[in-house]
Amino acid sequence: MTSKAFITGITGQDGAYLAKLLLEKGYHVHGGVRRISHQETLRLEKLGILQDVRLSEFDLSEMNNITRLIRDNPVDEFYNLAAQSFVGSSWDQPIYAGDVNGLGVVRILDSLRTYHPETRFYQASTSEMFGLVQEVPQRETTRFYPRSPYGVSKVYGHYITTNYRESFGMHASSGILFNHESPLRGQEFVTRKITMALAKIARGSAQPLILGNLEAQRDWGFAGDYVEGMWRMLQQEEANNYVLATGVTTPIRDFVRFAAECLGMELEFDGEGVNEIAINKKTGQKVVEVSEQFFRPAEVDLLIGDASKAQAELGWKATVEIRELAEMMAKSDYDDLR
Ligand code: NAP
Ligand code: GDD
């Protein structure tokens with residue numbers, strides 16, 4: 001019999017890649033979309049799968065909407081990828097972040113428990129929960145110390161998932177995923193902001209890329225690898241929590257360098273803090289500036305994950321290294337601007 005899956009956040013980066021993966025595996029894919037003034041299905045269109053998925057209105061803040069949808073649409077696997085996912089905005093909308101990212105998870109879990117407790121559940125947890133890291137590298141057992149309202153809200157989602165597994169025997173797993181990017185990444189996130197601005201500069205723009213803290217380090221992988229890990233978690237006999245990461249960390253400044261290099265620019269960085277700039281060595285053009293505007297009230301300085309549990313139990317490993325990722329994204333933006 002054909003397996004059925006429901007994906008919240010199907011219009012997002014991970015939702016689109018996961019939908020594609022599940023369709024390739026022969027699933028019926030049903031996804032939740034927010035009722036907004038226009039429907040944002042660009043990523044599903046780009047992957048050529050918009051016609052192959054069924055979409056229903058879904059909002060994580062609306063209990064009755066979630067309950068009805070779950071009651072009337074039994075599925076084998078339920079992936080909760082929807083979230084207010086931009087850390088920077090979570091200081092401006094902390095209550096919304098808590099409601100959607102935290103309470104939204106228990107709205108789903110409690111509806112599943114009531115109507116279809118046999119459904120396998122995936123929660124999109126995050127390395128942002130490690131925040132001010134208490135151990136290097138970070139693994140499933142590392143103590144959380146979130147540094148943003150987003151991180152705090154995700155800790156609730158993580159623990160309530162574990163709690164429903166332990167309280168009611170539900171097959172509920174939580175993936176603690178480190179940053180993962182792609183050409184479908186939202187343009188507010190730093191990697192895509194970088195590749196998009198540099199691609200424009202490579203095509204003749206004089207507008208410099210304006211960034212915030214260049215010192216932060218992230219463990220960046222490719223989103224396509226990470227959705228495979230989500231699926232593998234739900235194929236295990238027992239539900240559990242797993243870190244997915246590459247095990248390599250890179251400062252923002254180096255990601256800028258890598259993306260610039262594959263667009264034919266060699267950069268020279270000079271200065272410190274908000275006075276730092278980067279110049280194109282060949283042309284002398286100012287390519288990067290730093291502005292206070294993009295600094296955060298509290299920062300996560302260093303993330304580097306240890307995915308050895310996922311490798312041992314799921315047979316999962318990241319396959320795309322950082323330079324390859326920067327090149328994939330920069331080239332895609334450069335080509336799209338043609
Ligand atoms: P994304 O591209 O920002 O997608 C987020 C999705 O959530 C979008 O489809 C969005 O819908 C939907 N959404 C937002 N608020 C909602 C609400 N109130 N009700 C229903 N849907 C709502 O994020 P992503 O990068 O794919 O990340 C997927 C999940 O993994 C998120 O939970 C994120 O927090 C988590 N995560 C991501 C990473 C990463 O590096 N990408 C790492 C760890 C964890 P619209 O299209 O209408 O905006
Ligand atoms: N967005 C952004 N814009 N970030 C900047 C900028 C800028 O102009 N300049 C420097 N940064 C720094 C941020 O301060 C942060 O340290 C780092 O770049 C990465 O920022 P984002 O790309 O916005 O990602 P994030 O790490 O905060 O959050 C992402 O990864 C989490 C997993 O660790 C998101 O995908 C979250 O949803 C996810 O949970």
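In this simple spin-label approximation, Glu324 and Ala298 carry label points 7 Å from Cα along the Cα→Cβ vector, and these lie 3.6 nm apart.
Given R₀ = 51 Å, what would the calculated FRET efficiency be for Arg203 paired with Phe168, taking r from the Cβ atoms and rounding to 0.05?
Details: r = 55 Å, r/R0 = 1.07.
E(calc), rounded to 0.05, equals 0.40.
Sorted from longest to shortest, the spans of the Cα atoms of the stretch 1-90 along the three principal axes equal 41, 31, 23 Å.
Note on Ser308 and Glu238: their simple-model spin labels are 2.0 nm apart, each label 7 Å out from Cα toward Cβ. Given +1 at the Cβ of Lys and Arg, -1 at the Cβ of Asp and Glu and no other charges, the dipole of the stretch 226-307 around its Cα centre is 300 debye to the nearest 20. When the Cα positions of Gln311, Gly271, Trp231 are compared along the charge dipole of the stretch 182-338, Gly271 comes out farthest toward the positive end, with charges on each C-beta of Lys, Arg, Asp and Glu.
Here, the stretch 76-176 has an Rg and a Dmax of 13.5, 41 Å when only alpha carbons are counted. According to the Kirkwood relation over distinct C-alpha pairs, the hydrodynamic radius of the stretch 88-130 is 11.9 Å. Shown for Leu177, Leu21, Leu211: other C-beta atoms within 10 Å of each C-beta, ranked fewest to most, produce the order Leu21, Leu211, Leu177.
Given N residues in the chain, what is its alpha carbon radius of gyration divided by 2.2 N^0.38 Å?
Against the compact-globule rule of thumb, the ratio is 1.00.
Put simply, the amide H of Gln236, placed in the peptide plane, has no neighbours under 5 Å, leaving out anything fewer than 5 places away on its chain.
Send over the semi-axes of the stretch 214-338's equivalent ellipsoid, whole angstrom and largest first, taken as the square roots of 5 times the C-alpha gyration tensor eigenvalues. Don't skip to the answer; put the middle values down first.
On the way: eigenvalues 228, 66, 25 Å².
Ellipsoid half-lengths, sorted descending, are 34, 18, 11 Å.
The chymotrypsin sites (Phe, Trp or Tyr not before Pro) of the stretch 29-87 that meet both conditions, a loop assignment by DSSP and at most 15 other Cβ atoms within 10 Å of the site Cβ, are Phe86. Between Gly31 and Ile7, Arg54, Leu55, Ser56, the built amide H atoms are under 5 Å apart, and every one of these is 5 or more places off in sequence or on another chain.
Here the chain is assigned +1 on the Cβ of each Lys and Arg and -1 on the Cβ of each Asp and Glu. Its dipole about the Cα centre then comes out at about 560 debye. Charging the Cβ of each Asp and Glu at -1 and of each Lys and Arg at +1, and nothing else, the dipole of the stretch 23-79 about its Cα centre rounds to 80 debye.
Just so you know, all these numbers are worked out from the coordinates, no wet-lab data involved. All of these numbers come straight from a predicted model, not from anything done at the bench. Cβ coordinates were reconstructed from backbone atoms using ideal geometry, including for glycine residues, and neighbour counts include every protein chain displayed.
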